[in-house]
Amino acid sequence: MTYKSMRACSIPGCPAITYGSYCKKHQAEKELKQKHEEKEYNQARGSSHKRGYGHQWQKIRQIKLNSNPLCERCEQDVPAVLVHHRDRDSYNNIDYNLESLCNDCHEQEHKSERFRG
């Protein structure tokens, strides 16, 4: 069994030694900051209805998931749980613009958009 070596905390000036990148104190602070940024991000986005995902969208989404129940990007048979707009326009609900995705593929698609200032 191999063990990971201990190293200094990644925060400059912190004297703590840890197995990870941050000591327990700084890891907790980092997680708290990330949680706060995520909360602010979600508040700034507005409600799903304001973003174009009202009752009509729910119907369109269900039709798409019924016709394409598996993720269209995964190489495996993974159930799709989300419908993604390829052009990022939530009002463009033309069939070729919609893509059934699993949560992991959808998160990967939108990863770069999160926490932009």
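Any read-out appearing in this document is the output of simple, stated calculations on the displayed coordinates, not a laboratory observation. As the structure is a prediction and not an experimental result, all values here were calculated from the model. As a convention, Cβ positions derive from the backbone with ideal geometry for all residues, glycine included, and neighbour counts pool all protein chains shown.
Working out 0.36 nm times the residue gap between residue 17 and residue 5, then minus their Cα-Cα distance, what length gain in nm do you get to one decimal?
Numbers: separation 12, 0.36 × 12 = 4.32 nm, distance 0.99 nm.
Using 0.36 nm per residue and subtracting the Cα-Cα distance, I get 3.3 nm.
Just from its helices, what would the mean residue ellipticity at 222 nm be for the chain, if runs of 4 or more DSSP H residues each count -39500 (n - 2.57) and the sum is divided by every residue, rounded to the nearest 500 deg cm²/dmol?
Calculated mean residue ellipticity at 222 nm is -12000 deg cm²/dmol.
I'd like the isolated cysteines in the chain, meaning no second cysteine's beta-carbon lies under 4.7 angstrom from theirs.
For the chain, the answer is 105, because their Cβ atoms have no other cysteine Cβ under 4.7 Å.
Suppose we keep just the alpha-carbon trace of the chain; what are its Rg and Dmax in angstrom?
Final numbers for Rg and Dmax: 20.2, 57 Å.
With a 10 Å radius around each residue's Cβ, average the other Cβ atoms per peptide and rank 10-16, 76-82, highest first. The partial results should precede the final answer.
Numbers: 10-16: 10.7, 76-82: 13.9.
Ranked by mean Cβ neighbours within 10 Å, highest first: 76-82, 10-16.
So which trypsin sites (Lys or Arg not before Pro) in region 21-117 are both in a DSSP loop and have at most 10 other Cβ atoms within 10 Å of their Cβ? Provide the component values of the computation, followed by the final result.
On the way: sites: 24, 25, 30, 33, 35, 39, 45, 50, 51, 59, 61, 64, 73, 86, 88, 111, 114, 116; in loops: 50, 51, 73, 86, 88, 114, 116.
Answer by residue number: 50, 114, 116.
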